[in-house]
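Note sheet for the following structure.
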Amino acid sequence: MTVSERKLHLNAFLAASGHHEASWRHSDTEPERGVNIQHYLKLTRIAEKGLLDSVFLADGYWANAGTLEPFTLLSALAAATKHIGLIATVETTYNEPFHVARKFASLDHISKGRAGWNIVTGAGPAAEQFSREQHPEHHERYESAEEFVEIVKRLWDSWEDDAVSNDKINGVLIDVSVFPTAPESTYRIIPLMIL
Ligand SMILES: Cc1cc2nc3c(=O)[nH]c(=O)nc-3n(C[C@H](O)[C@H](O)[C@H](O)COP(=O)(O)O)c2cc1C
């Protein structure tokens, strides 16, 4: 790659009031910004107009009261924008691959290919939210996460691109000859398919 071909990619890390932990106390902010779609819409439109590559939402299953759930929020932003990438943070430790694969596939359809995933393994306090006795150790979370991501990728590719034939004349919706097979897994029972 020559120097002239190099590109700088810019991403906006959206927040409710700001990134300082006391930003919600600033006199110019409103406490309900974290659940206000107009706030996120305004920031995302500015980012899109400024030709940034993407907007990004951090997330974690602890102490996040007062902020919107990322897939719900990004779906709304997708419908109101055209070009900007939409990145959701999603934990592998406290999710199932099927749900995550399906939500990203849906966001990708809604946004016409603009969905992105910040893959994280989560932090300790999440264990309590899910009634688990303890948060898994670092190595276990990351091993499990690798497998989780592999399964999600398999799910996204579980049908050949031309498997959905929508053949109205012959009454064939999906070509089942390309039905996916389940790979072996250490951590989970593997689901088979999403569209
Ligand atoms: C820019 C940035 C954003 C991050 N956002 C999140 C987040 O939204 N949720 C989360 O659980 N962790 C987030 N993290 C933390 C990482 O997932 C990771 O735990 C951290 O970088 C420490 O690495 P380790 O888990 O290997 O110790 C973020 C880290 C960085 C650098």
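Could you count how many Lys pairs in the chain have their Cα atoms under 22 Å apart, skipping same-chain pairs fewer than 8 positions apart? Value for the chain: 11. If R0 equals 30 Å, the separation of the Cβ atoms of LYS112 and TYR142 corresponds to a calculated FRET efficiency of about 0.40. Amide H to amide H distances under 5 Å link GLY85 with SER54, VAL55, where only residues 5 or more positions off or on other chains count and H is placed in the peptide plane.
If you line up the long axis of helix 138-156 against the longest principal axis of the chain, both from Cα atoms, how many degrees apart are they, to the nearest 10? Computed tilt is about 60 degrees. Against the main long axis of the alpha-carbon atoms of the chain, helix 70-79 sits at an angle near 90°. If the chain linking GLU133 and ASN36 were pulled fully straight, counting 0.36 nm for each residue of separation and taking away their Cα-Cα distance, it would gain 31.5 nm.
Taking the average, over residues, of other Cβ atoms within 10 Å as the packing measure, peptides 135-144, 32-41, 4-13 rank 32-41, 135-144, 4-13 from highest down.
For the chain, averaging the sequence separation of C-alpha pairs within contact (under 8 Å, six or more residues apart) and dividing by the residue count gives a relative contact order of 16 percent. On full extension, the segment bounded by ILE119 and THR89 gains 10.2 nm, given 0.36 nm per residue less the C-alpha separation. Counted residue by residue at 0.36 nm each, then reduced by the alpha carbon distance between them, the extension gain from ASP28 to ILE169 reaches 44.6 nm.
Take the Cα radius of gyration of the chain and divide it by 2.2 N^0.38 Å, N being the number of residues; the result is 1.20.
We did not get these values from a lab; they are worked out from the coordinates using the rules stated. Predicted, not measured: the structure shown is a model, and the values here were computed from it. Ideal geometry is used to build each Cβ from the backbone, glycine not excepted, and the neighbour counts take in all protein chains shown.
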